[in-house]
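Novice: Got a structure for you, written out below as structure tokens; questions coming shortly.
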Amino acid sequence: MLQRRLQEWLQLTPVLRCRPLEQRLGGSIEIHAKMEFLQQTGTFKPRGALSTILDLDPQQLKAGVTAVSAGNHAIATAFAARAVGTTAKVVMIMNASPVRIEACRQYGAEVLLADDVHAAFELAEEIREKEGRYFVHPFEGPNVALGTGTVGLEICEQVGEFDVIVIPIGGGGLCAGISSAVKQIYPACTVIGVEPEGADSMHRSFESGKPEAIEKVTTIADSLGAPFAAPYSFELCRQNVDELVMVNDDEIKESMGMLFRDLKIAVEPACAASTAALCGPLNGRLAGKKVVLLLCGSNIDWNTFEKQAHLGKQSR
């Protein structure tokens, strides 16, 4: 079973009852947060990366792997490659956090920089063709969904039955895996996906009925800045996600500050998206419900956090 296999390298991240958030929302809602930002490398991403790399044959492992990322998936691929005993050459965006770039290098990866996410995918494809490295996709494919599905399985085991789960969406790999696992165990559970306004590829895909791309990513939640949706993760999300909502950067910044003040955690913008949805477009709609928030990542340096999070006093 994949969950047991991954335990050799990964943490069983805790679930926290979020009473301060419950009080902010009037006390008529029960909120549990899956603290996946405490995972190895600071995000959920090693689950999909390890699931993918563990499935490679010895010849492919010898050739190594490559990946594209604004940071978190690159770090996770570097971590997984070292854990399994292969090498990684990853492509990151030019404006990626220096902290994330250094984390990749500390795990032994060679890092190349590209001007934007579209150029990054082109460079990774060139590496794959020339060097024979396996492309570890950041959000697409059965192995990614199997890996992220272990998050959903853990939540069901840790929380028991619940009414609603709120999951951030970038490319959709996290939501695809979690929603598939949760719906098999608790079919009546409502799955809500959250996208930032400046990276709404899944919204566009749901509207058209097929995977869609966006021209440009314009959000501080760079970890959710996938340039397109892809067939496998899109279909799983379409089958299992009951609703999509969007949050803007100001709502994300407010939630980053609120999580810091109330729960004493400093997380990246993508991680705060589920809280932003709960306090924004979903506020007042989930009274009487038992809700799980997916908190997905914490790869942010303090200077950036201080600039992005609204840390001033917020009215209750």
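Novice: Among the residues of segment 184-203, are any more than 26 Å from LEU16 (Cβ to Cβ), in the same structural domain as HIS32 (by TED's automatic domain parsing) and of a type in the set (A, V, I, L, M, F, W, C)?
Specialist: Yes: one or more hits.
Novice: Taking the conditions exactly as written (in the same structural domain as LEU10 (by TED's automatic domain parsing), in a helix (DSSP H, G or I), hydrophobic (A, V, I, L, M, F, W, C) and under 22 Å from GLN7 (Cβ atoms)), does ALA83 satisfy them or not?
Specialist: For ALA83, the condition - in the same structural domain as LEU10 (by TED's automatic domain parsing), in a helix (DSSP H, G or I), hydrophobic (A, V, I, L, M, F, W, C) and under 22 Å from GLN7 (Cβ atoms) - is not met.
Novice: Something else about it: From VAL90, VAL164, VAL144, which residue is β-branched (Val, Ile, Thr) and in contact with a His (Cβ under 7 Å, 6 or more places away or on another chain)?
Specialist: The unique qualifying residue is VAL144.
Novice: Take GLU129 and tell me if it is of a type in the set (Asp, Glu), within 21 Å of PHE305 (Cα to Cα) and not in a loop (DSSP other than H, G, I, E, B).
Specialist: In short, no.
Novice: When only residues in segment 182-204 that are within 30 Å of GLU161 (Cβ to Cβ) and of a type in the set (Gly, Ala, Ser) count, which is nearest to the chain's Cα centre (by Cα)?
Specialist: GLY193
Novice: Oh, and also: What residue, among those in segment 254-294 that are in contact with a helix residue (DSSP H, G or I) (Cβ under 7 Å, 6 or more places away or on another chain) and among the hydroxyl-bearing types (Ser, Thr, Tyr), is surrounded by the fewest Cβ atoms within 10 Å (Cβ to Cβ)?
Specialist: SER255
Novice: Determine which single condition VAL91 fails, assuming it passes every other condition in (1) out of contact with any Asp or Glu (no Cβ under 6 Å at 6 or more places or on another chain); (2) part of a helix (DSSP H, G or I); (3) of a type outside the set (Ser, Thr, Tyr).
Specialist: For VAL91, the exception is condition (2).
Novice: Closer than 18 Å to ILE169 by Cα, among the aromatic types (Phe, Trp, Tyr), crowded, with 18+ Cβ neighbours inside 10 Å and out of contact with any Cys (no Cβ under 9 Å at 6 or more places or on another chain): does that describe PHE234?
Specialist: The answer is yes for PHE234.
Novice: Given the criteria surrounded by fewer than 20 Cβ atoms within 10 Å (Cβ to Cβ), within 19 Å of GLY173 (Cβ to Cβ), at pLDDT 95 or above and not assigned by TED's automatic domain parsing to the domain that holds MET256, does LEU50 qualify?
Specialist: no
The values are calculated or read from the model by the stated rules, or taken from the named source; none is laboratory data. Since we're looking at a predicted model, the values are computed, not measured. Note that we place each Cβ from the backbone using ideal geometry, even for glycine, and neighbour counts take in every protein chain shown.
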